[in-house]
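Trainee: Dropping the structure in here first, questions after.
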Amino acid sequence: MRLQVVKAEAFGARAASQAIETLQRNPHAVLGLPTGHTPIPLYRTLLAKAAAGAVDLSQMRVAMLDDYLGAQHGNEVSFYHWLQEHFLRAAGIGDDRTLAIPTRAETIAADCEAYERRLREWGGCELLFLGLGRNGHIGFNEPGSGKDTRTRAVRLSESSRAANADYWTENAAIPEQGVTMGIGTILEARQIVLLVSGADKREILRRVLEGEPSAEAPASWLQQAPQALALADEAAAGRPAE
Ligand code: PGA
């Protein structure tokens with residue numbers, strides 16, 4: 001994995017340029033998309049570029065990265081709902097072009113297999129964006145996630161539940177389990193961009209880039225992915241932009 005450091009104000013534009021290049025090469029490309037605070041500048045920039053005619057989002061397809069087990073798509077506490085609100089609806093990307101992470105508890109194992117099958121039928125992720133959790137997670141691959149894991153239901157750490165709580169209105173009930181694209185599934189993406197911003201990610205980013213790859217900090221598996229780029233702002237990288 002390479003590291004590129006950019007100024008905070010250039011973070012969204014740099015991430016968006018990666019998506020735009022991919023879509024210019026292949027307008028039907030499947031982009032893997034995360035939720036969270038970190039990708040918001042990416043989504044804002046992409047929507048602005050689309051409105052200005054600089055990129056065509058009318059054929060791109062989206063594979064979601066994770067969600068809560070049991071989440072209802074219409075409910076507020078759902079990553080599907082979050083992605084609708086922050087990007088998909090404004091981009092005009094309907095359900096026919098969105099591969100949602102399954103959330104139905106009763107059929108989750110079979111539905112995760114169907115998700116993987118559909119992703120393969122779509123040709124896999126051409127470009128996958130990831131956020132980085134303070135505990136080293138990517139998607140909801142919490143510490144302990146091995147590099148061969150596939151899409152599955154997982155128990156969430158208290159730190160992840162707390163960190164994600166402010167995506168929703170106060171007192172929202174945060175589920176105890178999530179569903180996530182696996183590390184093995186993530187590593188099959190043809191390009192991966194790990195988005196990292198803010199000083200509170202500096203310590204974990206250093207560990208992810210420099211520590212021995214291990215399940216303790218699942219993002220460290222990306223060290224073994226030559227197609228991966230860590231895109232960090234100066235605060236997260238702890239050094240000036242190139
Ligand atoms: P954040 O979340 O972008 O809200 O910091 C990242 C993550 O937990 O994956």
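Trainee: Under 16 Å between alpha carbons, and skipping anything fewer than 8 positions from Lys201 in its own chain: which lysines qualify?
Mentor: Lys7
Trainee: Once the chain is represented by equal point scatterers at the alpha-carbon sites, with solvent omitted, what log10 I(q)/I(0) does the Debye formula produce at q = 0.15 Å⁻¹?
Mentor: With no solvent term, the Cα-only Debye profile gives -1.02.
Trainee: Using only the Cα atoms of region 114-242, build the gyration tensor, take square roots of its eigenvalues as a ≥ b ≥ c, and label the shape rounded, prolate or oblate: rounded if a/c is under 1.5, else prolate if a/b is larger than b/c, else oblate.
Mentor: oblate
Trainee: Under a 1.4 Å probe, what is the accessible area of the chain per residue, stated in Å²?
Mentor: Averaged over the residues of the chain, the accessible area is 43 Å².
Trainee: Then there's this: Taking all protein chains as present, what is the carbon and sulfur share of the accessible area of region 2-237, in % to the nearest whole number, probe 1.4 Å?
Mentor: 48
Trainee: In percent, what relative contact order does the chain have, based on Cα pairs under 8 Å that are 6 or more apart in sequence?
Mentor: Relative contact order here is 27 percent.
The values are calculated or read from the model by the stated rules, or taken from the named source; none is laboratory data. All of these numbers come straight from a predicted model, not from anything done at the bench. Accessible surface is based on the protein model in full, side chains and every heavy atom, while ligands, DNA and RNA are left aside. Shrake-Rupley method; radii C 1.70, N 1.55, O 1.52, S 1.80 Å.
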